[in-house]
Structure formats: structure tokens, C-alpha cells
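For reference, the structure is listed below as C-alpha cells.
Where a number appears in this text, it was derived from the coordinates with a stated rule and is not lab data. Everything quoted here is computed from the prediction, not taken from an experiment. Note: ideal-geometry Cβ built from the backbone for every residue, glycine included; neighbour counts use all protein chains shown.
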Amino acid sequence: MSEEYRQFDAADYIKSEEDARGLLSAAMDEDPGDGTVIRAALRQVARTQNMSALARDTGLNRGNLYSALSEGGNPTLATLLKVVNALGLRLRLEPAEDRAPDAQPGR
């Protein structure tokens, strides 16, 4: 008996806004600091949306949107903020839990 496998696609499991928020929240927690996990999660959430509408809402064309969120993409902060905003979310900064309490920023 042979086994059949199909490629995992996170977009198959994003059925609601709550699912999208959960995925993005987990991505923020798990990102190693280079944005790769966050970008991948945004790409999956964006794929569940109407990309033409998302492009219109961000002011980007679809090609630029796909490129920015691609595996090799390197979106600017402005692009990330536009995408997050168009998805009805906001990017929030908070103190890192693993940072020593007496550590000074920028040192």
C-alpha cells in the first residue's frame, strides 16, 4: 500500500480573521529576528484574501505585493505596515521578555 502526501499549505487552515491573527501572532513570537517567519505568515494570510483588493488597499500593484511577501522578498517597513493595515491589523512594539531589565537600548 503506497502512501500519498500532499504539500502542507498554511493557507488551507486560515478560515477566519481569528485564524489569521493567531498565525501572525505566533509568527511574531517565533521570528528569529530577520522577518522571515513574519513575512511567510503575512504571505499565507494575504493568499487567503483577494490579492487585487489587498493590492488596491495597500496602494501597491499585485506584482510588487507578491514580490515583497515572497520567500526572497525584503519588504520595507512601510510596505509591511500597509499590508498589516489593509488586513485590519496593527503592528505593536513591546518590550522583549528575554532582555535583561537593566540593559540599555542601543548599547
query = Size of the range 37-79 along its principal axes in angstrom, Cα-based, largest extent first?
reply = 24, 20, 15
remark   = Hits in the range 12-27: amide N under 11 Å from the 7 Å Cα→Cβ extension of Arg47, namely 12-14
key: Formal net charge of residues neighbouring Gly73 (Cβ-Cβ distance under 9 Å; K, R +1; D, E -1)   = +1
task = Determine the calculated [θ] at 222 nm for the chain from helices alone, applying -39500 (n - 2.57) to every DSSP H run no shorter than 4 residues and normalising by the residue count; nearest 500 deg cm²/dmol.
result = -15000 deg cm²/dmol
Computed log₁₀ I(q)/I(0) - Debye formula, equal Cα scatterers, no solvent, the range 10-86, q 0.11, 0.13, 0.18, 0.26 Å⁻¹ = -0.24, -0.34, -0.67, -1.39
request  = Determine ³J(HN,Hα), in whole Hz, for all residues of the range 10-22 in sequence, where each value follows from phi through the Karplus function 6.51 cos²θ - 1.76 cosθ + 1.60 and θ = phi - 60°; x replaces Gly and Pro.
outcome  = 4, 4, 5, 10, 9, 10, 8, 4, 5, 4, 5, 4, x
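GluC sites (Glu not before Pro), restricted to the range 1-65: which are DSSP loop and have at most 13 other Cβ atoms within 10 Å?
Taking the range 1-65 and a limit of 13 other Cβ atoms within 10 Å, the loop GluC sites (Glu not before Pro) found are Glu3, Glu4.
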query = What angle, in degrees between 0 and 90 and rounded to the nearest 10, separates the Cα long axis of helix 36-48 from the longest principal axis of the Cα atoms of the chain?
reply = 40
key: Net lengthening on full extension, Ala78/Glu30 (0.36 nm per residue, minus Cα-Cα)   = 15.1 nm
